[in-house]
Structures are given as structure tokens and as C-alpha cells.
Amino acid sequence: MSKPADDKQIVIRAINQLGRRVTAADVATKTGLSLNDSNRLLNEVASEVGGHLEVSKLGFVAYSFSPGFQNNYLATGIRAFAEKAGRLLFNTCFFILKISFGVILLASLAVVIFAVMLTIFVTTFGTEKKNKQQPFLDLLILRDLIFWQANRPKLLAGQPLSAKVERIKNDNFLINCFSFLFGDKNPNAEIEEKQWRLIAQLIHNNKGVVTAEQLAPLILSEISTKDSNEDFVLPVLCRFDGRPEVSETGSIIYLFPSLQVSAGPTEAPKIVLQNFLPPALIEQEVPFSNLSKEQIRPVLAIATLNMAGTWWLAFTAHRLVHIYRWQADILVIYGTLFVLIPLLRWVYLHWVNAGIAMRNAERDKLAEKLIKPDQALREKLEEREKMARNQDISPTIDAASVIYSSEKDYLEQAIKEET
């Protein structure tokens, strides 16, 4: 029994030998694979290398591939492996970097405070004892500034106990530093899984027969309302074992037999299904941080204070106290980056959120086309409905239609079936 990877290589060689323009029947004849396997593997290869669907005058569907598509397939595999390894390495380094910034923030601030104290001590050496104690008082003031959130019982008064506990838990200076620097979890981290879930629900609700226009509002990639290309359907066909069919008027309708069968009831109210399934896939805007303004302010204040202190240390303090210039430069770079990185991230997120808003608006337009279809789309949807009604596959596997179950003895079930 051959492996799936071997079967895919066989299909790729067959495509190349057949002139890079094939049908599922051509591949099945050339390779000896089943028609279903040929269709599935063609969808996978076309999705991975950017193949195209073609419809002949007689209504047959063919797959066309550009010259050198084999190299594209190999490059896709190498790129996928490199991206996976790169993501793992990046996540590891990024986590270490986050920890380092939090630790170095306190270390840098401690150096600045120590330099301030030492400078004051040097400049006031020989004065009264009261003046000598001033640096310690300044240190206490700075300590209160850093940990001022821990002493706010009045702000928490009147709140539920659970809210107080959650507020205190979140009011951790180091954790807030991480959020200030690098943000929090991306709200769209699982958007691809959501996309496939919604698409599967859409196909199932439409009895396994859909059009590209129905799928378009749920596709994550950018699709223009003016673009008639339906290549974006290829990954859907590949994932859910679908196939394209041509209607009587030449429109392409997509069938997904595997999603037509269900073990549950199918007569769910249409209103419930429509309310459950959103008209379009919505990406959430990425916030700068999940922290409140009250939580960000002390982090920003300390970061700004530390940056100012390191610059003062680099240009002034090293003349009064014994400190190497390169050490001061390192602290300056760190202190500046601690403020610069969030600033650059804020600018970057504005650009990212603008793209998200644009894609959401485009999907809304695609969904609007379904709500108010033109004449051509209305006819195509009617053909889809007709094709869905003509499907022979039973929509449900109810208890009455079950002839065998692994839960019971086979011989007992066979005798019962004969009687």
C-alpha cells in the first residue's frame, strides 16, 4: 500500500507527462489510482502550486498547471518546513527576549538610581547628615512610584471580591511591562480554524452543494468583488473532499458529498441556522494592549524615567562617578528601545488594523451580493438549489437506516436483517 506522499508524487509526474492540463479521469487512467483519489490529489496539488480550474464548452472541468510547477511544489514543501522551524525558533527567542527586557528594566533602573544616589553623595560630600540621607529618601519615592498600584485600596473599594482579586492579579508591574512592550495574545490567532469551521457549517447547511459566491465571504484571503477568478475555492475542495460540477448553463457548482451525511436531525429551523452562521468572516482588530490606561501609565512613566535617566547617565553622571562609557551606552540603547519598540508597534498595529478593516469591508460587500444578487447570480443560486434537491445521498443516518453497528454482534444483526 503506497503512502499519500508517494501517491501525490505519482500524480505530479502524471500531470507533467500529460501536458500539465488534465482531468481527474486522465490522472486515474494514467496512474491507476481511483477516481476519488485522483480528484482529491489533484485538488491538493492545485492548491499547493497555484493551479487553475478550466471549464470546456461541453461542461467538463480540467486542471491546468504552469510550466515548472514541480519546482513550485518542492519549494512549497521546503518553505513550509522552513516556516515551521522559523516560527519555533522565533517563538523561543521572542519569549527569552520578553523576559530579558523585563529583568533588564529593573536592573537598568537600579543602576540609574544608584548612579543618582552616588552622584548626589559625591556632590554633597561633607555636608550635614540630613543632606546625606536625602538619596535614601529619593529611593523610597521611586519605590513608591514603581509599586504605587499595590497600595490602592480606595480604588478597589466597592468592587466585587472577584473583581478585586482579578485586578490585583493583573496589576503586576513585570507582566504589565511584557504587555506594554509586546502586546497580548492576537485575537485572530485562531481565525483560520474559525474560517474552516464556518465553511464546513455553510456547506453542511446547504446540503453539500455551494457556489463560490457563498464561500467568498468566509474566505480569509483577500478576494475582490470585481474578481471572477474562483481559484480561492481550491483549498476548500482539498480540505473537504469536494469536486466542481458544471450546471446546464455553464456555471460551476461545488459538491461536497462527505459533508452531506449527518447522524443528527436535518430539519433544523432555517432561522436558527441563519442566526448561528454569520454572513461573513470577521477579523478582530489587534489592540495595542489588553491593559487599561491606569495600568499602562505607570509602565510608561517608569520607562520614560528610565530612558531619561540613562541618557543623563551617559552624558553627565560618568563625569562625576566612575563608570565606563560603553556601559552607559548599553543602558541608553536599552532604555530607548523600551520606549521605541512600543511606539513602533503602535504605528505597525495601525497599519495592520487598517488592512483588517479593509478585508472585513470587502467580505461584507461579498455577503451583500448574496443578500441582493443580480440576475446572473440569482440564476446560479437557483441552479445550486436544484442540484441540491437532486442529490441522491441520504442527508441523515438515523437509527432506522442502520444495518450494522460495532456495538452489537455481527451474526445477530445479520439474522435480524434477513428476517
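Some notes on this structure:
- Residue match in the stretch 317-335 (condition: at pLDDT 90 or above, touching a helix residue (DSSP H, G or I) at 6+ places or on another chain (Cβ under 7 Å) and crowded, with 16+ Cβ neighbours inside 10 Å): no
- Restricting the stretch 54-97 to residues that are among the basic types (Lys, Arg) and either at pLDDT 75 or above or within 21 Å of the chain's Cα centre (by Cα) (or both), the residue that is surrounded by the most Cβ atoms within 10 Å (Cβ to Cβ): Arg79
- Any hit, the stretch 160-172, residues being part of a loop (DSSP other than H, G, I, E, B), crowded, with 17+ Cβ neighbours inside 10 Å and modelled with pLDDT of 55 or more: yes
- Residue count for the stretch 28-48, restricted to those that are closer than 18 Å to Asp6 by Cβ and either part of a loop (DSSP other than H, G, I, E, B) or under 35 Å from the mean Cα position of the chain (by Cα) (or both): 14
- Breaking point among (1) among the hydrophobic types (A, V, I, L, M, F, W, C); (2) closer than 30 Å to Ile175 by Cα; (3) at pLDDT 70 or above, for Leu142: (3)
- Positions within the stretch 239-259 being surrounded by fewer than 19 Cβ atoms within 10 Å (Cβ to Cβ) and in a helix (DSSP H, G or I), in sequence order: Arg239, Pro257, Ser258
- Filter pass, Trp326 being under 26 Å from Ala110 (Cα atoms), without any contact (Cβ under 8 Å) to a residue 24 or more places away in the chain and part of a helix (DSSP H, G or I): yes
The values are calculated or read from the model by the stated rules, or taken from the named source; none is laboratory data. For clarity, every value in this text was computed on a predicted model and none was experimentally measured. No Cβ is skipped: glycine too gets one built from the backbone with ideal geometry, and neighbour counts run over all protein chains shown.
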